[in-house]
Amino acid sequence: MQTAKSILLALCACLLAGVQLHAIELLPTFGDIDHIHLPALLVQHADGDQSLQLRPQDTTYIDNPQYKETVIATKDIVQPFYVTIHVRKWKSVDITETWYEISHTEKKPVRLQRFDSGYLPIEGDDPHLLHLHGNWAAEGVPTVERLTRGVKSIRNSDGARNAHLDAPEVMIALDGVPQENYGRVLGAALCWSGNFELRVAATDEKGFHFYAGIDPMASEYVLEPKKVFSTPHLAYTWSNEGMGGVSRAFHRWARTCGMLHNGNATRDILLNSWEGIYFDITEERILAMMNDIAAFGGELFVMDDGWFGSKYQRNSDNAALGDWVVDTRKLPNGLKALTDAAKERHIKFGIWIEPEATNTLSELYEQHPDWVLQERNRELKLGRGGTQLVLDMTNPKVQDFVFNIVDDLLTKHPEISYIKWDANASIQNCGSPYLDQIAKRSNSAYGLTSNLYVDYHLGLVKTLERIRAKYPNVVIQNCASGGGRANYGLMPYFDEFWVSDNNDALQRVYIQWGTSYFFPSNAMAQHIGGSPYLMTGRTTPIKFRCDVAMSGRLGMELQPAHMTDEERAQCTIAFADYKEMRELIQLGNLYRLVSPYQPVPVVERQQVASLMYVSDTKDHAVLFAYGLSSFMKQSSRRIRLAGLDPDRTYTLHEKNIRVAYHHDRNAWGEGEPCELDGKSFTGAYLMSVGLEIPLSTEYNIDYPSRIFELK
Ligand code: DGJ
């Protein structure tokens, strides 16, 4: 019989086979661990036994053009209980994925009480943890803390979304506070869209132990004999180039390893109707907005919430979800008139849906009250609008319904090229009529309610897989009240995600900063909002708003009819310049240069944020610099660039130059570039001495910003 040590040897063999495992130490299971470890796997067997001592039976190595994978089949020494350990190492990028496949042939179901996706031992001089915390309209705030003895747990219990509040990605710097461009840092992402728990435990003086997986709270998984439960993947990387190195590895992995749908494609510039007109959709308003986005040089118009409903109208957030028919009171000529109009204007057309939800005020709920999540004999807890409910995605009939929403839309209107898929409710009612039915049939003693938090997401992914199999080319945005579903569990099915409902350009600098730690820019939807901004009341110049949105997937979300001529002129220039640099911005290598979180005495020294993208060949780069504070006589900041070729000479070209009023033409047009425009420097100079970018108050504007292309 093989011992735990021999599994370690099998893993060493993987190392020899070229799969870099970075000292991964296996799968600590309850019943087979010392007092130092926590279990990553804890099960209750059919006979009540809770121990697990897995020993390897067989090891196979897969070597395909994209990755090397080691597959270790293990079995418990007593029970007919099996775990297959997978370790996949991608070839084009230093990312490893681990996951476990769990099955058994015991007489009755086994309860999985803890079923992590991976475990990593961490040794460092002074480990620090960085995790992203946030909320609606304030996503992606990095929190850094020194790891101390005890167990640190990061969890999300929303049920349906998992990136508001705490997110399923972390970095651990081994030797002190994580730095942007140097230092040993582990980056890890749990590829899952439901409840999770990430734990870092220091139970003795020897080191730290990192565990990541589905949160077992209220989620003990009942596994039937012969069924295979596959945990979500845990993806991780080690970098010697600080947080920047971790981010670049994740971005490349997302784009090239299928973790972002159509990851290597660029995205269109769009106008979304939401903050411009909310639910007040009429054909006339939509056509006017289409005219505007086309006139600016945009490529896509997206009609947001408010277009559907028959018996119940969608005039606010309290009705009609589930009734996916055009509201002909608002759009008398249907969607066809809109897709035709888009075609005439040479732009594409997109539409909003929230397929996993309904309202008590809807025909869907009237017809299928058993399709919503609900607890047995308890009153329904209602969400958004006081009426919103979540559909039971564990139910195959509901999965068909959700598939058909998309299928009907795209079959009837093949011209629709973009879908915004929203999810605005948590799972408040933890019960599934469908799982209850199954449990009744199988005579299960405890029922299957505790499978709900997991099966919901398995059902969702199954539905998304069907949609993608039929519609690989439709661009689908992942939205959940903003960035509530920015996670790698769902990104393989989506082309991009809505970073935040907050379009205040100043706060967006911060939100986008944190979000970029793990997600690539072509996935990050960033929109130019109105000013003063409706949520914060802040007034920001149109150039700043454009420059902030231009660092990711550019779009706009305001009522163009309310824009001034100056704003229109600036947006037209921004769109044209963006198109020229789009490939570099959306697919280039990100270097974060100056963090908006860097504390400075702002009255003396300007608070700045700056980042850049560099092409793989290092011959092309784009630099963004934002002034976040403006005081008289404040000293400006020198920004040192990164990622360039030190021996190459780069010439700076200012982009999206601030507009000026041209009295000779009686019109707004491009103003004067700053003195750096046209100047050349070596990469070595730019990276060691840096640039003093004119962002000072002498320009007499709050929130100054500059963009330079380097060639
Ligand atoms: C929440 C989204 O985040 C918004 O962008 C918008 O689509 C609304 N839902 C519509 O109800």
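Segment 389-489 holds helices (runs of 4 or more DSSP H) entirely within its bounds, and those carrying 1 or more residues that are among the small types (Gly, Ala, Ser) and more than 22 Å from the chain's Cα centre (by Cα) map to 433-442.
Within segment 201-227, restricting attention to residues that are more than 28 Å from the chain's Cα centre (by Cα) and aliphatic (A, V, I, L, M), which residue is nearest to residue 518 (Cα to Cα)?
Restricting attention to segment 201-227, the residues satisfying the condition of being more than 28 Å from the chain's Cα centre (by Cα) are 202-207, 222-227.
Imposing the further condition that a residue be aliphatic (A, V, I, L, M) reduces the set to 202, 222-223.
Details: 202: 25, 222: 33, 223: 33 Å.
Once the filter is applied, the top-ranked residue is 202.
Of the candidates 239, 273, 247, the single residue that is touching a Phe, Trp or Tyr at 6+ places or on another chain (Cβ under 7 Å), crowded, with 20+ Cβ neighbours inside 10 Å and under 30 Å from residue 613 (Cβ atoms) is 247. Basic (Lys, Arg), modelled with pLDDT under 95 and either farther than 16 Å from residue 707 by Cβ or buried (at least 17 other Cβ atoms within 10 Å of the Cβ) (or both): does that describe residue 605? In short, yes.
Within segment 97-125, being of a type in the set (Asp, Glu) and either farther than 28 Å from residue 254 by Cα or assigned to a loop (DSSP other than H, G, I, E, B) (or both) holds for 106, 123, 125.
Taken over segment 356-378, residues that are under 31 Å from the mean Cα position of the chain (by Cα), under 17 Å from residue 397 (Cβ atoms) and among the charged types (D, E, K, R) amount to 1. Looking at 230, 157, which one is out of contact with any Gly (no Cβ under 8 Å at 6 or more places or on another chain), of a type in the set (Gly, Ala, Ser) and farther than 27 Å from residue 67 by Cα? Unique residue meeting the criteria: 157. With a requirement of 3 or more residues that are within 17 Å of residue 541 (Cα to Cα), the strands (runs of 3 or more DSSP E) lying completely within segment 629-711 that satisfy it span 659-662, 667-670, 705-710. Within segment 225-233, identify whether any single residue is assigned to a strand (DSSP E or B) and either closer than 21 Å to residue 91 by Cβ or out of contact with any Leu (no Cβ under 9 Å at 6 or more places or on another chain) (or both), and answer yes or no. Yes, some residue in segment 225-233 is assigned to a strand (DSSP E or B) and either closer than 21 Å to residue 91 by Cβ or out of contact with any Leu (no Cβ under 9 Å at 6 or more places or on another chain) (or both). Out of 484, 489, 514, one residue alone is closer than 23 Å to residue 114 by Cβ, touching a residue at least 40 places away in the same chain (Cβ under 8 Å) and small (Gly, Ala, Ser). It is 489.
The condition (being crowded, with 18+ Cβ neighbours inside 10 Å and in contact with a Leu (Cβ under 6 Å, 6 or more places away or on another chain)) is satisfied by just one residue among 402, 454, 406, 398: 398. From the list 341, 294, 337, the one residue that fits, being surrounded by fewer than 17 Cβ atoms within 10 Å (Cβ to Cβ), over 21 Å from residue 517 (Cβ atoms) and at pLDDT 95 or above, is 337. When segment 467-496 is filtered for residues that are within 11 Å of the ligand (Cβ to nearest atom) and over 18 Å from residue 415 (Cβ atoms), the ones remaining, listed by number, are 478, 479, 480, 481, 482, 483, 484, 485.
Filter segment 68-85 down to the residues that are outside any loop (DSSP other than H, G, I, E, B) and touching a residue at least 40 places away in the same chain (Cβ under 8 Å) and list them by number.
Narrowing segment 68-85 to residues outside any loop (DSSP other than H, G, I, E, B): 68-76, 81-85.
Across segment 68-85, the qualifying residues are 68, 69, 70, 72, 74, 83, 85.
When residue 461 is tested against (1) within 15 Å of the ligand (Cβ to nearest atom); (2) surrounded by fewer than 24 Cβ atoms within 10 Å (Cβ to Cβ), only condition (1) is not met.
The values are calculated or read from the model by the stated rules, or taken from the named source; none is laboratory data. Since the model is a prediction, treat every value here as computed from it, not as a measurement. In this analysis, Cβ positions are derived from the backbone assuming ideal geometry, glycine residues included, and neighbour counts consider all displayed protein chains.
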